[in-house]
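Only the coordinates and a few stated rules stand behind these numbers; no lab work does. What you see is a predicted model, and the numbers here were worked out from it, not measured in a lab. Ideal geometry is used to build each Cβ from the backbone, glycine not excepted, and the neighbour counts take in all protein chains shown.
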Amino acid sequence: YGTQKAAEGWQCEYSNFLVSLGFEQGIACPCIFVHSEKDVVVTVHGDDFTAVGPKVSLDWYETALEEKSELKKGGRLGPGPHDDRKATCLNRVIRWTSEGLEYEADPRQVEKLIEELELEGAKACVTPGIKPLPEQHAEDKPLSQHRHTAFRALAARANYLSADRPDCQFAAKEICRWMSAPSELSLAALKRLGRFLLTCPRLVFRYVFQSAG
């Protein structure tokens, strides 16, 4: 468990099983499976399976998985009276509303970043990044060795969050450039991002229903 061969074995296990059910495995992305007859699309991330399709086909798919393995089922989004209106996928929050779908990044990542930077109650700011002056670069000092691990962990968390936060992507990318040699300036940039998240802790994407024609 936890080795490369274990991961390869698990991928072969679920891939062969889904193919035996009639799914076709993606070529460009082997973690995507399509069942043309049932009109079901499945994406796999580790041991998280997400499926999209009509209710009768999802019932069939769910039953097939339960016969194979023990399942921990999440919500099933949809417009029906018994469907859920809110679910999580890889800790992202997805909502079904009367106007369309909403998608929100994992809110815990922002909370943890602010907490670990000790910024609770700090002054917020409206921009996520800094543009150091030449003299600031000249006067910059490296962080002490024992602080490197903490900085890299926080930078990695910011980078993970930025996948769902376009407003933070450039700032997080610049912070990660200091990974190999963290400095006081890099820590200031990280705190600046944290103060921005105090202003905008949540970002929700809205995908409004549209009609063809």
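Can you give me the P(r) profile for the stretch 22-65? Cα pairs, bins 5 angstrom wide beginning at 0, each as a whole percent.
Cα pair-distance distribution for the stretch 22-65, in percent: 6, 23, 34, 26, 10, 2.
For the chain, what is the per residue volume of the convex hull drawn over the alpha-carbon atoms, in cubic angstrom?
Roughly 206 Å³ of hull volume per residue.
On the first, second and third principal axes, largest extent first, how far apart are the outermost C-alpha atoms of the stretch 118-213 in Å?
Computed over the Cα atoms, the extents are 60, 27, 26 Å.
Evaluate the distance, in nm, between pseudo-label points positioned 7 Å from the Cα of A163 and of L71 along their respective Cα→Cβ axes.
Taking the two extended label points, one gets 2.4 nm.
For the stretch 109-157, state what percent of all Cα-Cα pairs lands in each successive 10 Å bin, counting from 0 Å until the bin that includes the largest distance.
19, 40, 39, 2
Mind checking the stretch 1-37 for GluC sites (Glu not before Pro) that DSSP puts in a loop (not H, G, I, E or B) and that have at most 15 other Cβ atoms within 10 Å?
Passing both the DSSP loop test and the Cβ count: E37.
Given a Förster distance of 25 angstrom, what is the FRET efficiency for H82 paired with I32, based on the Cβ-Cβ distance and rounded to 0.05?
Once the sixth-power term is evaluated, E becomes 0.35.
Given all pairs of different Cα atoms, what value in angstroms does the Kirkwood hydrodynamic radius of the stretch 33-94 take?
12.5 Å
Kindly state, to the nearest 0.05, the FRET efficiency for S98 paired with A7, given R0 = 45 Å and r defined as their beta-carbon distance. Each step should come with its number before you reach the end.
Details: r = 41 Å, r/R0 = 0.92.
E(calc), rounded to 0.05, equals 0.65.
Quick one: which of 59-68, 117-126 comes out on top by average Cβ neighbours within 10 Å, and what's the full order, highest first?
Those peptides, ordered most packed to least, come out 59-68, 117-126.
Evaluate the relative contact order of the chain (contact order divided by residue number), counting alpha-carbon pairs under 8 angstrom at least 6 apart; express in whole percent.
Once normalised by length, the contact order is 17 percent.
What are the extents of the Cα atoms of the stretch 68-152 along their three principal axes, in Å, largest first?
62, 36, 24
Convert each backbone phi in the stretch 71-76 into a coupling constant with the Karplus relation 6.51 cos²θ - 1.76 cosθ + 1.60 (shift: θ = phi - 60°), then list the ³J(HN,Hα) values in order as whole Hz, x for Gly and Pro.
10, 10, 8, x, x, 10
Count the lysine pairs in the stretch 71-213 that are 8 or more places apart or on different chains: how many have C-alpha atoms under 22 angstrom apart?
13
Just from its helices, what would the mean residue ellipticity at 222 nm be for the chain, if runs of 4 or more DSSP H residues each count -39500 (n - 2.57) and the sum is divided by every residue, rounded to the nearest 500 deg cm²/dmol?
One gets -13000 deg cm²/dmol as the mean residue ellipticity at 222 nm.
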